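Have a look at the structure below before the remarks.
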Amino acid sequence: MNRYTVAVLVRNQFGVLNRVTSMFRRRQFNISALTVSETETSELSRITVVFEGEENNKQQLVNQLYKLPDVCSIKELDPDNSVSCELLLIKMKNDPATREEIRAAADAFGAVTVDYAKDYLMFRLSDVTRRIDDFINLMRDYTILEICRTGSVSLEKGGTTIRQVINL
């Protein structure tokens with residue numbers, strides 16, 4: 001199976017996200033990550049979807065997405081020609097016996113301490129998916145209290161934008 005990142009530019013209207021994600025469900029794609037936000041204009045939203053599947057099924061999905069009336073543009077993002085990152089918040093048990101090891105690991109990954117209390121430490125890390133996964137796996141040697149992470153956000157390198165291929 002291949003892993004894909006697709007950006008979908010849509011009209012910012014009620015129910016659009018449901019219609020787009022339903023298309024993935026109907027085509028039996030499992031969404032690994034999903035990020036949605038307004039763009040530089042409040043009239044449009046950008047949906048970034050990371051999923052796994054076969055090439056021919058992915059192409060059929062893209063063709064079906066284009067048929068949705070609120071979809072303006074779709075861009076598959078090649079990892080070699082785009083910049084992607086995720087955000088992680090992780091809350092760790094603040095145990096005096098492991099505190100320095102946890103802080104050293106966080107420093108090594110570039111994680112920032114965003115909250116500190118007697119019973120927990122909270123870190124923020126913004127990086128590529130693989131580094132976030134590596135950091136979480138390292139923290140599993142200690143006591144993770146809670147994790148929250150975003151989906152991938154991605155932009156294509158170069159001067160072109162997703163708006164330049166609008167299909168209105």
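Show the residues, 5+ positions off or on another chain, whose built amide H is closer than 5 Å to the amide H of I74.
Correct list: L9.
Note down the Stokes-Einstein diffusion coefficient of the chain in µm²/s, whole number, using a Kirkwood radius over alpha carbon pairs, 4 °C, and 1.567 mPa s.
D, rounded to a whole number, is 73 µm²/s.
Quick check: from the Cα gyration tensor, does segment 83-153 come out rounded (a/c under 1.5), prolate or oblate?
Numbers: a/c = 2.05, a/b = 1.81, b/c = 1.14.
Note, shape of segment 83-153 comes out prolate.
Using only the alpha carbons, work out the radius of gyration and Dmax of segment 17-114 in angstrom.
Cα only, segment 17-114: 19.0, 58 Å (Rg, Dmax).
Would you give the gap between the C-alpha center of segment 108-168 and the C-alpha center of segment 13-87, rounded to a whole Å?
Using only Cα atoms to place each centre, the spacing works out to 20 Å.
In what sequence, highest mean first, do 133-141, 156-164 appear when ranked by Cβ atoms within 10 angstrom? Before the final figure, lay out the partial values.
Working: 133-141: 14.1, 156-164: 12.1.
For the peptides 133-141, 156-164, the packing ranking is 133-141, 156-164.
Working from Cα positions, state the angle (0 to 90°, nearest 10) between the long axis of helix 55-66 and the longest principal axis of the chain.
For helix 55-66, the angle is close to 70 degrees.
Only the coordinates and a few stated rules stand behind these numbers; no lab work does. Everything quoted here is computed from the prediction, not taken from an experiment. So basically every Cβ, Gly included, is an ideal-geometry build from the backbone, and we count neighbours across all protein chains shown.
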